[in-house]
Structure formats: structure tokens, C-alpha cells
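Student: Please see the structure below; I have some questions.
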Amino acid sequence: MFLFPTAAKPEHLHQIGVLLQSSSLLPRYPCLPSHGAIVTLPLPYPCPTYASPNQALSSLACFLPKSVASVLCKVPLLFVLLYFFVCSLDVLSSAFQLSGGRVAGDIFQENAILSNPVAGLVVGLLVTVLVQSSSTSTSIIVSLVSSGLLDVQSAIPIIMGSNIGTSVTNTIVALMQAGEREEFERAFAGATVHDCFNWLSVLVLLPLEAASGLLKNLSKTVVDILQLSTGEAPQLLKVLTEPLTQMIIQLDQSVITAIAMGDQSVRNNSLVKQWCQIKFWFSASELYYIFLCPASGRHIFVDCALSDLAIGLILLACSLLVLCSCLILLVKLLNSLLRGQLASVINKVINTDFPYPFTWLTGYLALLVGACMTFLVQSSSVFTSAITPLIGIGVISIERAYALTLGSNLGTTTTATLAALASPGDKLAAATQVALCHFFFNLLGILLWYPIPTTRLPIRMACALGNCTARYRWFAVLYLLVCFLLLPSLAFALSMAGWKVMTGIGVPVIIGMMAVVALNMLQARRPDCLPLRLQNWDFLPLWMTSLQPLDNLITRVTLWCGCVCFINLKVCSSSKNNNKKKKQTKHKFL
């Protein structure tokens, strides 16, 4: 509280208001009154009563250096946390590859399975979830095509599946913001907008591709026109993160590719790079040897006797711990920095549209920014995971995040394209064609779900998922299990049973889903066109229209488990006390 005499001049009060609002660490206040009396301002510092406005101005000015110093200390810390966050994502990818890389290679080896479009889609999804890198899975696909072990038509559904699988990373990152309900709602919606876009694009383009070969023919036309030459991507982020991540773990990616190509000689080889070589020499009928390890090839697990699975699990636990810690600290630090006037400025810069009639250009500019940033860092997972906390704290809106994510989808296609350009001359065209299919799949998806505002269904779907997750937080885990494990496994099983079984089960399910969507639209807009019974879903059991019964069940089970654990701990504690008392009694008796 600032207490001024009634003789305070209006210009002094105005100066105090300007000084207050110039600090980014203080909230933005409404206009101060034009005459004296009592002015109450909620400051985070204890303030005495001042005799004059000049004394208040001089006292308030001493707070600003502290504010500036606080900001200058927090900004470097922000970059340090962001650096370790990105490094933990890199190590997390390596951990998943060590844990499931051989399985991924074995799956890609089954060419008979991959000839089925639905099975190929599921294989691409599961493999990308296993290795946590769409760049790795798409590069393996390109290598299979360039070696002649996989044809272009079979590779296209796998590319679509890898596009879906890569979106699981930022969804996992969103779970780390479950502590704050509103932040969790925004973060989960921003993460799942990527999933919704990919699933909707696959539902439209996979049947279209199977019926007409649209992507195959379009990419072949472009390959025939282009003059192909080899190239290499600038990996600016790798230059910064590799000095740390290569000290922790280095993987031999060629082992996974060789297993996928059917090379049995590398099946027993470790995915962990072993740079050390043994040099032998004889001297006076004696054998000498020495280990030669170049400095560039040394890492923590270079001479480790553990299996790949054990190393992968250790790295998985450690990277998840670092990832969660960095993310929690990042969110808290961003919350302390991006508030007050600074937050409003960033919100205006990022989320404000261009003036009319160029309003429509704003989203396409954000799309271009997302594509360029992903091209530079060569990882869509890193980019989308980095913006997820910003969506959670409200700095980036879901609409702007949608455009950035679509641009990131386009930017990540450069990895497969540049991998294709490294193929042999006789296989260069086929490998480039597969990479271009990846590009055209994302481009056609953008044309389907972005240009017309009414077709931006992924935003509405993601917001609905965010609302549901904010109310039932366990739904986020259920969503991950269902969308990235149970549904793909079920689709894979149906596709393996034959097209008759898949058609007999899949077609009625799709028709039922379409009927439910149509009824929902009619109930919301034209309920008078429906019979009275169908104007709402009250005729259905509660468990079919609400998650509340399942939430009650999960709550009861959780409480029961907690009670059982508490009782067991109490019994163990009492038994230990009894044993201790018996020993003490026996000791006294003796």
C-alpha cells in the first residue's frame, strides 16, 4: 500500500503508475486516480508509508535493479534446463532403441506381413513407438526400399504409421503437467492435436491410396521430373547436444537396418558402439596386446558387460527422471518469467493475427516457422515436445500450436528425403519416391484439415480430449494405451485374419461411428428433425454416455489398494515391534 497526502500532484501519481507497469515482474495495474488520497497496489515487497510521491518514486526505483537481476539470472537457467530437456529426449530415444530395436528390425523383416496395408500401418506405428523416433523408422524404410527388399507400394502404409507413432512423445511430455488442472487441459489438448490430425489423415488417405495409388503415382511423377543429387541436412541441434549425449551412449544404427534386411551375421551384435580395438604383436616369443580406444568413441557403456535390454532400461529410467525434472522446473521458471506485461506481449506477438484482409496469412506463417524449425533440429518430436509446456501455461494458443505442429510434420519429411538421396544410383529413384510419399501424405493432410476453418476437426477433437482429461486425469493414460497399443494390436490381428474377417467387423464399426457422429450433429443443431427418443442419449445406460461410473470404479479400486497396503504395513510394523519386545523380554530374563 502506498499512502500519499491529498496534496499529491497527478503527474507524480502518473509517474508511479508508469514505473510500476514498466516492470515485467509486476502485474499490470489499472489507471491510477488523478488526485491524491490512498492508492492500494498489491506488491510482492513490504512497503512503508511515504511522506511524499518523490520519496515513493525513489524507493520504488530501487526494486527495478533487483527485478532485472532476477530476470538475467533466470534466462540462462532457462536455456540450461531446455538443453538438458532436449538431451534427455535424445537419450530416451536411444533407450527405446536398445530395448526394442531388435524387435523393430525383426518386424520389418516380415515382408509377407508388410504387403497388407493395415498391417503395414500398424507395424509403422508400433515400431516408431518402440524406437521413439520417426526419423529412425523412416530411414530404415528408405534403406529397405533402396536395397530392393521392400517395394514402394508396401512402404507407403508403414510411412503413415510412423507419422502417427511419432506423436506419442509430446503426449507423454504433456502428462508431466498433470499437477495443475488448467495447465494439464491445455497441454494435453496441444499434444493430442498432433494425434488427431494424423489419425484423421490416415482414415481418409489410406483407403484412397489402397484404391487408387494416389501417393504412389504422384511421387513417381515428381521423381521422373526431378534431377536427383545427393545432399546432407544441417543438424544444428546435434552439434549442441552430441558432446553430452555421446558421452552417455552411442548406438550403431546399422545393426537395426541390417537385421531388417535379413543379415544374420549381425544378430548377436550389440547395438552399443564398441570403438575399442585390440592390437596384438609378438616380441621374443611373447604375445602382447593393448586396447585402443579413440577419445571420440568413448562413452559410459563402451565396455559394459550388461545386455542391450538392461542398458536400455537403465537409460530409460534415468532419462525419464531427467525429463520430468527438467519439465517441472521449466514450467515453474516459465510461469515466473512469462507473467504480467511480458506475458501479454508474447501472447500478442505469437497469437495475434495479421490485420484484415491478410488475417489468413498468419496461420501459414506459423506453419512455415514450424517446418523451418523442425528442418533445422531434424526432429519433430523435439520441436513439438518443446512447445507443449508453452501451450500448457497459455503462452501459445491451441490454434497457433496446430499450425506449428502441421509445419513440423512437413519439416520432419526432410530426414527421409536426405536419407534417400544417399542411396545407390540404381535405387535412388525408388528410395526418393518413398520419401516423397511421406511429404505428400502430410501435405494432403494439411490441405484436408487446415485451409477451411470449418474443417479443422483436430482442434475440436483435441479440446474435447483436453476437457475430458482435466476432469478424469486417469483418462490420459487410458488414451495412450488404447490409441497406441490396444487399437493398433486389434487392427493388426484383424488384418492377419484376412480381408473377409476385417471387412465383416470393420465395416459395421465404421458405419456405427458415422451414425453416432451424424446423430450428435443433429441433436446439437436440428433436434426437431429427430424422433423424441433420439433427441438425446438418455435412453442409453449411464456407462455408455459418461465416464463417471468408470471413474467411481477406479476410485474405489485405488482406495482399496491403498487400504490393503496400509494394513499390510501396519501388520508388518506391529510384528516387528512384537519381535523386538520378545527379544527385550528374553534378554531381561537371561
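The values are calculated or read from the model by the stated rules, or taken from the named source; none is laboratory data. Keep in mind that this is a model prediction, so the values were computed, not measured. Please note: Cβ atoms are built from the backbone with ideal geometry, for glycine as well, and neighbour counts cover all protein chains shown. Ligands, DNA and RNA are stripped out before the accessible areas are found, and what is left, the full protein with its side chains, is counted by its heavy atoms. Shrake-Rupley method; radii C 1.70, N 1.55, O 1.52, S 1.80 Å.
Student: Over region 363-412, what is the relative contact order in whole percent, taking alpha-carbon pairs under 8 Å and six or more residues apart? If you can, show how the numbers build up before the last one.
Tutor: Values: 62 pairs, mean separation 31.2, N = 50.
Dividing the mean separation by the residue count of region 363-412 yields 62 percent.
Student: Could you put Asp195, Asp151, Asp90 in order of accessible surface area, largest first, with the 1.4 Å probe and the full protein assembly present?
Tutor: Largest accessible area first, the list is Asp151, Asp90, Asp195.
Student: Just to verify a number: what accessible area does Met496 come out at with the full protein assembly present, 1.4 Å probe, Å² rounded to tens?
Tutor: Result for Met496: roughly 90 Å² accessible.
Student: Report the net charge of residues surrounding Pro458, where surrounding means a beta-carbon distance below 12 angstrom and charges are Lys +1, Arg +1, Asp -1, Glu -1.
Tutor: 0
Student: Between Lys570 and Ile225, what's the calculated FRET efficiency when r is the beta-carbon distance and R0 is 56 Å? Round to 0.05.
Tutor: Values: r = 76 Å, r/R0 = 1.35.
For R0 = 56 Å, the calculated efficiency reads 0.15.
Student: Which part of region 170-196 falls in the paramagnetic zone of Ala524, meaning amide N under 11 Å from the point 7 Å along Cα-to-beta-carbon?
Tutor: Counting backbone N atoms under 11 Å from the label point, the list is empty.
Student: Here is a further query. List every residue whose amide H lies under 5 Å from the amide H of Leu251, counting only residues 5 or more places away in sequence or on a different chain, with H placed 1.01 Å from N in the peptide plane.
Tutor: Those lying under 5 Å, H to H, from Leu251 are Lys273.
Student: Asp224 accessible area, nearest 10 Å², 1.4 Å probe?
Tutor: Here the residue's solvent-accessible area equals roughly 110 Å².
Student: Separate question: How far apart, in nanometres, would the label points at Ile511 and Trp360 be if each is projected 7 angstrom from Cα along the Cα-to-Cβ direction?
Tutor: Placing both labels 7 Å beyond Cα along the Cβ direction yields 3.9 nm.
Student: Work out the charge dipole of region 429-546 with +1 on the Cβ of Lys and Arg and -1 on the Cβ of Asp and Glu about the Cα centre, then indicate which of Leu540, Gly466, Ala518 is farthest towards its positive end.
Tutor: Comparing the listed Cα positions along the dipole, Gly466 ranks first.
Student: A follow-up question, please. Quick one: Cα centre-to-centre distance for region 441-519 and region 348-380, in angstrom?
Tutor: 27
Student: Would you list Trp474, Trp543, Trp360 from the most to the least accessible area, probe 1.4 Å?
Tutor: Result, largest first: Trp543, Trp360, Trp474.
Student: Rounded, prolate or oblate: which fits region 465-563, taking a ≥ b ≥ c as square roots of the Cα gyration tensor eigenvalues, rounded meaning a/c under 1.5, else prolate when a/b beats b/c?
Tutor: Because a/c hits 1.5 or more and a/b fails to exceed b/c, region 465-563 counts as oblate.
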